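The values are calculated or read from the model by the stated rules, or taken from the named source; none is laboratory data. What you see is a predicted model, and the numbers here were worked out from it, not measured in a lab. When we count neighbours, we look across all protein chains shown, and the Cβ atoms used for this are built from the backbone with ideal geometry, even at glycine. Just the protein is used for accessible areas: all its heavy atoms, side chains included, with ligands, DNA and RNA removed. Shrake-Rupley method; radii C 1.70, N 1.55, O 1.52, S 1.80 Å.
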Amino acid sequence: MRVLVAGASGAIGTRLVPLLIDRGHEVVGTFRSPGKAEVLRELGAEPRPLDLLDARAVRKAVLESEPEAIVHEATALADVRFSRSLDRSFAPTNRLRTEGTDALLAAAREAGVRRLVAQSFASFRYAREGGPVKSEEDPLDPTPLATARETNAAMRHVDQAVTDAGGVALRYGGFYGAANDGLLAPVRKRQFPIVGDGGGVFSFIHLDDAAAATVLALEDDLSGVYNIVDDEPAPVREWLPVLANVLGAKPPRHFPRWLARLVAGEGAVMMGTESRGASNAKAKRALGWTLRYPSWRDGFVAAYTSAKRS
């Protein structure tokens, strides 16, 4: 197929493009940052500058590229500075997930593009009640924190708009595997504590496994929502000490809830103590997906051993 990948120069895009090309697809990759055209060209894609928030430019790009499929991986998370307010940190990405998604879907309808895959997110979204691991059929959090309402609404928009159009929304877990992963510096500096009992459950996914699942979803022409996470959702008290050890860092600190709330805000408390993980059973069954790194335990070692300080 001829595939338009929006956000092709990002963390997952740069892994997705070579996989698509290796499987015989022709790729048009969009980018915004200067210098990314050559990166995409070296990966084998046809680079195209594009601002997804410019609906007219999106329409022009889709109609001129004549894709048979569109993959939406665009975010604005490179070098983002996270604050106590998730909505403040994610504001540009939220626009890409609402306005950008709508622009791509409108252009796809006009161009007759049926195959649509879009990036969504699994972690911290499911209702904070019941068991620790949730499937796609389980309810999302009906009362997200005030500082994350816009971010949750934007992800809901992606899920709904893309699946209504007959496409697939991939709820990825927390990405890891890049040299500049934002999680590494706080863990090394002991700025990522275990809060309370550390019972908040995270679901991770190595970027290579996420890209592989994305190719399968595109080629199978699926529709609906799928969790793209590894086999081992785990509470913070389990995975954080392992990551610190792999990085050669000191063990994480332990903060009581009240101190974490004071220092980092209610969001940090929720993620560290109440968040639920996600099940990948549906995606593995539907895609025939085999993970290279079924657990973050092996994935962290493979990804970060070379980054360990001497």
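Here are the numbers for the structure shown:
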{"item": "Index of the failed condition, V229 passing every other in (1) modelled with pLDDT of 95 or more; (2) surrounded by fewer than 17 Cβ atoms within 10 Å (Cβ to Cβ); (3) not polar (S, T, N, Q)", "result": "(2)"}
{"item": "Those residues of the stretch 16-35 which are open to solvent by 60 Å² or more (accessible area, probe 1.4 Å), at pLDDT 95 or above and either touching a Ser or Thr at 6+ places or on another chain (Cβ under 6 Å) or part of a loop (DSSP other than H, G, I, E, B) (or both), in sequence order", "result": "R23, G24"}
{"item": "Extreme residue, nearest to H206 (Cα to Cα), among residues of the stretch 6-15 that are outside any helix (DSSP H, G or I) and open to solvent by 20 Å² or more (accessible area, probe 1.4 Å)", "result": "A11"}
{"item": "Residue count, the stretch 78-129 (criterion: more than 16 Å from V162 (Cα to Cα) and open to solvent by 60 Å² or more (accessible area, probe 1.4 Å))", "result": "9"}
{"item": "Residue selected from the stretch 179-215 under the condition out of contact with any Phe, Trp or Tyr (no Cβ under 8 Å at 6 or more places or on another chain) and not in a loop (DSSP other than H, G, I, E, B), by the criterion most open to solvent (accessible area, probe 1.4 Å)", "result": "R188"}
{"item": "Some residue of the stretch 292-304 being open to solvent by less than 40 Å² (accessible area, probe 1.4 Å), more than 28 Å from D141 (Cα to Cα) and either in contact with a Lys or Arg (Cβ under 9 Å, 6 or more places away or on another chain) or basic (K, R) (or both)", "result": "yes"}
{"item": "Single condition A74 does not satisfy, out of (1) surrounded by fewer than 22 Cβ atoms within 10 Å (Cβ to Cβ); (2) touching a residue at least 40 places away in the same chain (Cβ under 8 Å)", "result": "(1)"}
{"item": "Test: residue in the stretch 264-276 that is open to solvent by 40 Å² or more (accessible area, probe 1.4 Å) and not in a helix (DSSP H, G or I)", "result": "yes"}
{"item": "Residue in the stretch 150-162 that is surrounded by the fewest Cβ atoms within 10 Å (Cβ to Cβ), counting only those that are over 21 Å from S279 (Cα atoms) and within 14 Å of the chain's Cα centre (by Cα)", "result": "A154"}
{"item": "Sole residue being at pLDDT 95 or above, among the small types (G, A, S) and in contact with a Ser or Thr (Cβ under 8 Å, 6 or more places away or on another chain), chosen from G13, G7, G100", "result": "G7"}
{"item": "Any pair with Cβ under 8 angstrom, 6 or more apart, that starts in the stretch 18-47 at a residue that is β-branched (V, I, T) and ends at one that is modelled with pLDDT under 95 and open to solvent by 80 Å² or more (accessible area, probe 1.4 Å)", "result": "none"}
{"item": "Near pairs, Cβ below 7 angstrom, 6+ apart or cross-chain, from the stretch 208-230 (within 21 Å of L4 (Cβ to Cβ) and touching a residue at least 60 places away in the same chain (Cβ under 8 Å)) to any residue that is among the hydroxyl-bearing types (S, T, Y) and crowded, with 20+ Cβ neighbours inside 10 Å", "result": "A210/Y172; A217/Y226; I228/Y172"}
{"item": "For G44: the one exception among (1) small (G, A, S); (2) more than 22 Å from the chain's Cα centre (by Cα); (3) buried (at least 16 other Cβ atoms within 10 Å of the Cβ)", "result": "(3)"}
{"item": "Residue within the stretch 232-244 that is under 21 Å from the mean Cα position of the chain (by Cα) and either in a loop (DSSP other than H, G, I, E, B) or polar (S, T, N, Q) (or both) present", "result": "yes"}
{"item": "Checklist (1) at pLDDT 95 or above; (2) over 27 Å from Y226 (Cα atoms) applied to V263, failing item", "result": "(1)"}
{"item": "Residue within the stretch 231-252 that is under 16 Å from G200 (Cα atoms), β-branched (V, I, T), touching a residue at least 60 places away in the same chain (Cβ under 8 Å) and touching a helix residue (DSSP H, G or I) at 6+ places or on another chain (Cβ under 7 Å) present", "result": "no"}
{"item": "Per-region count, the stretch 255-284, residues over 24 Å from K134 (Cα atoms) and of a type in the set (S, T, Y)", "result": "0"}
{"item": "Residue ID - farthest from the chain's Cα centre (by Cα), chosen from residues in the stretch 163-178 that are hydrophobic (A, V, I, L, M, F, W, C) and open to solvent by 10 Å² or more (accessible area, probe 1.4 Å)", "result": "A165"}
